[in-house]
Amino acid sequence: MSQFVRFTIDGTECMASRGQYLVDAARENGVFIPTLCNYPGVKPKGSCRICTVKVNGKLMTACTTPVAEGMNIENESADINELRKSIIELLFVEGNHFCPACEKSGNCELQALAYRFRMMVPRFPFQFPNRAVDASHPRIIKDHNRCILCKRCIRVITDESGRSIFAYRKRSASVEVVVDPKLGKQLTEDLAQKAMDVCPVGSILVKEKGFHVPIGERKYDKVPIGSDIENMQSTKI
Ligand code: SF4
Ligand code: FES
């Protein structure tokens with residue numbers, strides 16, 4: 001059995017290693033599939049649904065679906081992009097995201113996706129939830145207003161024994177992600193910065209380091225999200 005599989009994305013022939021997740025296989029073929037909860041190097045969670053594509057006509061999450069021979073993938077159709085835009089709008093109205101006042105502006109994946117999918121004003125009512133900003137940890141500020149519960153920090157930021165330094169607290173509608181009270185001391189300066197970088201929004205901010213790079217000169221201020229993938233040389237064989 002060949003280690004490679006052939007498939008199409010929006011009608012274009014692609015090739016990737018057998019078993020690769022669709023989102024990674026697409027990237028290697030110069031195709032951007034948006035992600036939020038997914039993060040390289042950790043097991044996909046498949047919770048945000050922003051990476052939804054149609055595989056042989058069926059809606060599936062590209063971050064959890066391994067590529068297979070002959071797959072026919074729809075990524076850029078009007079209905080899929082409409083679905084993605086709705087998810088972005090729902091994330092905006094469900095929390096309190098005031099981009100101009102956020103230290104992550106220009107580096108925020110949610111904001112960058114909103115621009116990519118041309119979100120103007122969300123079509124859903126704003127919830128304006130009453131959430132806390134927790135500055136009790138000596139290294140970080142945890143702003144629950146902006147947390148989209150993607151679990152990236154929980155899965156990526158671990159101590160030397162592999163224990164997650166971030167954890168869920170409370171349940172259902174009140175659930176929030178916090179620094180685990182027992183492991184808070186393990187959040188070193190480097191890990192605090194990594195946590196801020198791993199968070200796709202501005203929910204984890206390193207204290208006393210704000211606005212080093214001026215707004216307007218940050219990652220997605222300069223290049224739209226996904227353009228690095230779309231502009232790269234295709235690796236199709
Ligand atoms: S703090 Fe950031 S990385 Fe952690 S769950 Fe919330 S949005 Fe995701
Ligand atoms: S990135 Fe695939 S479900 Fe979130």
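Model label sites at residue 58 and residue 131, defined 7 Å from Cα along the beta-carbon direction, differ in position by 3.4 nm.
Ignoring lysines fewer than eight residues from residue 194 along the same chain, the ones with Cα atoms less than 26 angstrom from its Cα are 43, 45, 104, 142, 151, 170, 182, 185, 207, 209, 219, 222.
Evaluated at q = 0.09, 0.10 Å⁻¹, the base-10 log of the normalised Debye intensity for the chain, with identical point scatterers placed on the Cα atoms, takes the values -0.41, -0.51. Label separation (residue 212 vs residue 124): 3.5 nm, computed from points 7 Å beyond Cα along the C-beta direction.
All of the numbers you see were taken from the coordinates with simple rules; none came from a lab. From a predicted model like this one, the values you see are computed outputs, not experimental measurements. Cβ: placed from backbone, ideal geometry, glycine included. Neighbour counts: every protein chain shown.
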